[in-house]
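In what follows, a single structure is set out as C-alpha cells and then discussed.
Throughout, read-outs are computed from the coordinates displayed, never taken from laboratory work. Note that this is a predicted model, so its numbers are computed, not measured. As a convention, Cβ positions derive from the backbone with ideal geometry for all residues, glycine included, and neighbour counts pool all protein chains shown.
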C-alpha cells in the first residue's frame, strides 16, 4: 500500500502512524534502534504490505498490464489504491474504518502534516525529504484526482535507478480502471479487517 493507506490504517497514535509511514524507508535491523511504538508502526506497515501483496485479487491485476510494466504491478496498484481511498473516503470511514473519528480527508491530511515535524529527527533522510514535499504539495488531499496517479507513477519511475518503462502507466490504469475499482471494493474491506485483528492481537499480547 502507499502513503495515504498506511497513515489511515493505523491507530490514532502519531508514533505508530509515523512508523507505518516509515516502513519503506527503513530496512532490516535498523528497526531495533527506533522507539517501541514507532517500531510497532514499521511492523504494521510490513504486515499490511504482505497481506496486500499476497491477496489473490491484487495479484490478478498484474495481468492487466503490458509485459514491460508487469514487474511494477505492485507499485502501480498501491498508488491506484490511494486514489480510490481518497475517492471513497467518507464511505470507508463510515463502513470499514473509524479509528480517526471520521475526519474529512482535508482535515486528516492537515493533522498528518502537523505532526510530521515532530519526527524529523528520527526519520531517514529520504523520508524527511519526502514528507516535506508531501505537505508542501498536499499530496494526501490531491489523491482525490486521477492526475495524482500519473504524477506518482512517473515520480517513482524517475527514482528507479535503472532504465524502465513505468512512466506513463497511468494510461493502462485508465483503460482498466473498473477492474482496479472492483478489486479495491473486495480487497480493501478485507485489509481493514486484517489490520483490526492484527491490532487487537497486539493489544492482547
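Inter-label distance, residue 91 to residue 138: 2.4 nm, where each label sits 7 Å from its Cα along the C-beta direction. Straightening the chain between residue 163 and residue 186 buys 4.9 nm, computed as 0.36 nm per residue apart minus the Cα-Cα spacing. Entry note, the stretch 1-153: relative contact order of 27 percent, from Cα contacts under 8 Å with a spacing of 6+ residues. Full extension of the segment from residue 145 to residue 120, taken as 0.36 nm per residue of separation minus the current Cα-Cα distance, would add 6.2 nm. Computed across the chain, the Kirkwood hydrodynamic radius from all distinct Cα-Cα pairs reaches 17.4 Å. Rg over Rh for the stretch 1-92 works out to 1.02, both radii taken from alpha-carbon positions and Rh defined as the Kirkwood radius. Taking the 0 to 90 degree range and rounding to the nearest ten, how far is the long axis of helix 73-87 tilted relative to the main principal axis of the chain, both from C-alpha atoms? The helix 73-87 is inclined about 70 degrees to the chain. Extending 7 Å from the Cα toward the beta-carbon at both residue 154 and residue 103 defines two label points whose distance is 3.0 nm.
Against the chain, whose longest principal axis is taken from its Cα atoms, helix 105-115 shows a tilt of about 50°.
Would you mind estimating how fast the stretch 126-204 diffuses translationally, via Stokes-Einstein at 4 °C and 1.567 mPa s with the Kirkwood radius over Cα pairs, in µm²/s? For the chosen part, D equals 85 µm²/s.
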